[in-house]
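K.L.:
Next up is a structure, given as structure tokens.
The values are calculated or read from the model by the stated rules, or taken from the named source; none is laboratory data. In this text the structure is predicted, and so the values were computed from the model without any measurement. Positions of Cβ are backbone-derived with ideal geometry, glycine not excepted, and every protein chain shown enters the neighbour counts.
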Amino acid sequence: MRFLRTTSLLLALLASTGVPPDALAEEGTRLLVQASPLAGSQYYALAEVWPEMRVGDILQLVREPENRHDPKAIRVEWRGRKLGYVPRAENRPVAAVLDGGGRLMARVARLRESGDPWQRLEIEIFLLF
């Protein structure tokens with residue numbers, strides 16, 4: 001049942017992109033499904049690890065269904081260090097894919113010197129096939 005739910009979520013997500021399913025037939029294909037700022041970075045390790053980070057670095061997405069502020073929370077980590085979260089307003093589809101067993105990859109898309117924590121780090125999330 002979980003596989004069917006995951007497949008349905010993936011197909012719905014795919015349909016919303018306009019990409020024909022046969023374009024993704026090759027294993028190893030990835031589809032950009034979200035680009036967003038990092039939420040809450042001012043409270044976690046971003047400032048400490050900033051000098052070491054590079055555009056393209058892989059990020060880990062970790063579901064936190066027990067999070068008391070948001071049951072759809074998705075923690076973002078870099079090399080095991082907590083950086084912040086996928087913004088609450090944008091985390092439901094990503095949480096649904098993760099909860100359904102889908103495969104996602106995240107990476108650093110942009111690093112900016114800014115006093116506004118919402119402008120410092122942009123992430124991209126890809127659906128993997």
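K.L.:
Which count do you get for residues in region 71-129 that are farther than 17 Å from VAL49 by Cα and of a type in the set (Val, Ile, Thr)?
P.N.:
5
K.L.:
Among the strands (runs of 3 or more DSSP E) lying completely within region 1-100, list those that include at least 1 residues that are over 18 Å from ILE125 (Cβ atoms), among the charged types (D, E, K, R) and at pLDDT 95 or above.
P.N.:
Passing ranges, in order: 81-85.
K.L.:
When you scan region 54-77, do you find a residue that is free of Cβ contacts under 8 Å to residues at least 24 places away in the same chain, surrounded by fewer than 16 Cβ atoms within 10 Å (Cβ to Cβ) and within 11 Å of the chain's Cα centre (by Cα), even just one?
P.N.:
yes
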